[in-house]
Amino acid sequence: MDRRQFITTSTAALIAAGMPTLAFAAGGPIRIIFDTDPGTDDAMGILLALRSPELKIEAITPVAGNVPLEHTLPNALALLELAGRTDIPVAAGASVPLTRTLVTAAYVHGENGLGGAQLPPPKTRPVAETASEIIRRIVRQNPGQITIVAVGPLTNVATALRADPAIAAMVKAIAIMGGSLSGGNVTPAAEFNFYVDPEAARIVFDSGIPLTMVGLDVTRKALFRDEHLKALQAVNTPVCRFAADMMKRTLDRFHEDSQAHRAVAMHDPLTVANLIDPGILTLQDYFVEIETEGELTAGESVGYPGRWRKSAPLAPTPGSIADTTPFKSNAKVAMGVNVDRFFNLLMSRLTAA
């Protein structure tokens, strides 16, 4: 599909025509805190959010994950400068997981997190508040109005909840890129973000906040290919030049030994896109628990779609136990994706004038 087709078949055409955009039809932009570890797909997700009037970013809170905080923090600042949005505050988050040694994914995202693509060193500085502090302040000042978009390890969000448990009742929702009900991408059990900080993920899933989990079950199907790269390369804007350079380097790294079937999953942009256009994903109610104690399975997200039994108690007791626990979901889990609808939105927003 060429750039003209992307534009004419997407919501960007509505914007160009002065038509209402998706979120405005429902009463106004969605106010979000963007918690992220940029990261190539994080960068694409940030740029999508910045170029989508359906979303209003209140703050960006970088965390260590794909690469250390010494890269994710300046990457976030530099992306805002690239997009001309230095009005958005950036607050430094956690440099290590809650209880574990940080494991990064530079082999995927490059040593600088942006696939080796370069942005000028940022001139802007992070605010004095930490990520946990700014999350707590914004949520408390706007109860029931803030959605957290969390596309990295959940350390910042868990730290805020541990410091101020009462804010759980004030957060509107959390859209999470993480987890999987169909196997991991770092271990056979665990997806990367939950693998990096399983304890943080458990705190978030136990919080009672309405959650949407966008995991590998759908993100593995949203594959950025050379046709999408060509659409970016055809547009001579700063955003497209940078995105094209970053994604070309990423495709080349993933497929250094073979040029066949070149593709990279767009994990984080898919999570953002579904906020803009909820029809992109099909969601199902699950009760999701995060494994934290397994030597081989830490970070695994275990989903119960109904009244499934948990493991029997380890301590033997006389008699038997009747499992009468009623089913109650704690998350909506993405199980299906309209890939064409997603890429129509992503590419049209990035390539728009």
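Simple point charges give the picture: +1 on the Cβ of Lys and Arg, -1 on the Cβ of Asp and Glu, and for segment 197-290 a dipole about the Cα centre of about 500 debye. Along segment 220-231 the Karplus relation, 6.51 cos²θ - 1.76 cosθ + 1.60 evaluated at θ = phi - 60°, assigns HN-Hα couplings of 5, 9, 9, 9, 7, 10, 4, 5, 6, 4, 4, 5 Hz to successive residues, with x for each Gly and Pro.
A Gaussian network model of the chain, with springs between Cα atoms under 10 Å, assigns the largest mean-square fluctuation among Arg307, Arg51, Arg262 to Arg307. Only the Cβ atoms of Lys and Arg (+1) and of Asp and Glu (-1) were treated as charged; on that basis the dipole of the chain about its Cα centre amounts to roughly 880 debye. Between the listed residues Pro153, Pro269, Ala231, the Cα displaced farthest toward the positive end of the dipole of the chain, a dipole computed from Cβ unit charges relative to the Cα centre, is found at Ala231. Can you tell me the orientation of helix 69-82 relative to the chain, as the angle in degrees between its alpha-carbon axis and the longest Cα principal axis, to the nearest 10? Between the helix axis and the principal axis of the chain, the angle is about 40 degrees. Extending 7 Å from the Cα toward the beta-carbon at both Asp252 and Gln284 defines two label points whose distance is 4.1 nm.
Comparing Pro188, Pro316, Pro121 in a Gaussian network model of the chain (Cα springs below 10 Å), the most mobile by mean-square fluctuation is Pro316. So which lysines can Lys332 reach, going by Cα to Cα under 28 Å and dropping same-chain residues fewer than 8 places off? Once the sequence-local lysines are set aside, what remains near Lys332 is Lys56, Lys172, Lys221, Lys310. The amide H of Gly93, built 1.01 Å from its N in the peptide plane, has Ala131 as neighbours under 5 Å, considering only residues 5 or more places off or on other chains.
At an R0 of 56 angstrom, the distance between the Cβ atoms of Glu111 and Ser320 translates into a FRET efficiency of 0.50. Between 0 and 90 degrees, the angle of helix 40-50 with respect to the longest Cα principal axis of the chain falls at about 70 degrees. For the chain, the longest principal axis of the C-alpha atoms and the axis of helix 339-351 are separated by about 50°. Bridging of Lys123 to aspartates and glutamates at a Cα separation below 19 Å is possible for Glu70, Glu81, Asp87, once same-chain residues fewer than 8 apart are set aside. Once you put a point 7 Å from the Cα of Lys310 and another 7 Å from the Cα of Lys56, both along the Cβ direction, what distance in nm separates them? Distance between the two pseudo-spin positions: 4.0 nm.
From its DSSP helices (H runs of at least four residues, each -39,500 (n - 2.57)), the chain gives a residue-normalised ellipticity at 222 nm of -10000 deg cm²/dmol. Measuring nothing but how far apart in sequence close Cα pairs (under 8 Å, 6+ apart) lie, relative to its length, segment 19-166 scores a relative contact order of 30 percent. Where a ≥ b ≥ c are the square roots of the eigenvalues of the C-alpha gyration tensor, would you call segment 25-163 rounded, which needs a/c under 1.5, or, failing that, prolate if a/b is larger than b/c, or oblate? Here segment 25-163 falls in the oblate category. Among Lys248, Lys230, Lys123, the order by Cβ neighbours within 10 angstrom, fewest to most, reads Lys123, Lys230, Lys248. Given Cα pairs under 8 Å that are at least 6 residues apart, what percent is the relative contact order of segment 46-133? With pairs under 8 Å counted, the relative contact order is 35 percent. Measuring nothing but how far apart in sequence close Cα pairs (under 8 Å, 6+ apart) lie, relative to its length, the chain scores a relative contact order of 20 percent. Rounded to the nearest 0.05, what FRET efficiency do Thr99 and Asp226 give with R0 = 41 Å and r taken as the Cβ-Cβ distance? Could you check? Once the sixth-power term is evaluated, E becomes 0.50. Identify which of Ala106, Ala158, Ala190 has the largest mean-square fluctuation in a Gaussian network model of the chain, with springs joining Cα atoms closer than 10 Å. So, out of Ala106, Ala158, Ala190, the one fluctuating most is Ala106. Each of Ile167, Ile30 has some number of other Cβ atoms within 10 Å of its Cβ, and from fewest to most they run Ile167, Ile30. For a Förster distance of 30 Å, can you work out the FRET efficiency between the beta-carbons of Arg162 and Phe327, rounded to the nearest 0.05? Using R0 = 30 Å, I get an efficiency of 0.60. Annotation for segment 76-161: GluC sites (Glu not before Pro) lying in DSSP loop with at most 16 further Cβ atoms inside 10 Å of their Cβ are Glu111. Along the axis of the charge dipole computed for the chain (Cβ charges of +1 for Lys and Arg, -1 for Asp and Glu, origin at the Cα centre), the listed residues Pro165, Ile134, Leu251 are led at the positive end by Ile134.
Values in this text are rule-based calculations from the coordinates and carry no lab data. What you see is a predicted model; the values in this text were computed from it and never measured. Every residue, glycine as well, gets a Cβ built from its backbone with ideal geometry; the counts of neighbours run over all protein chains shown.
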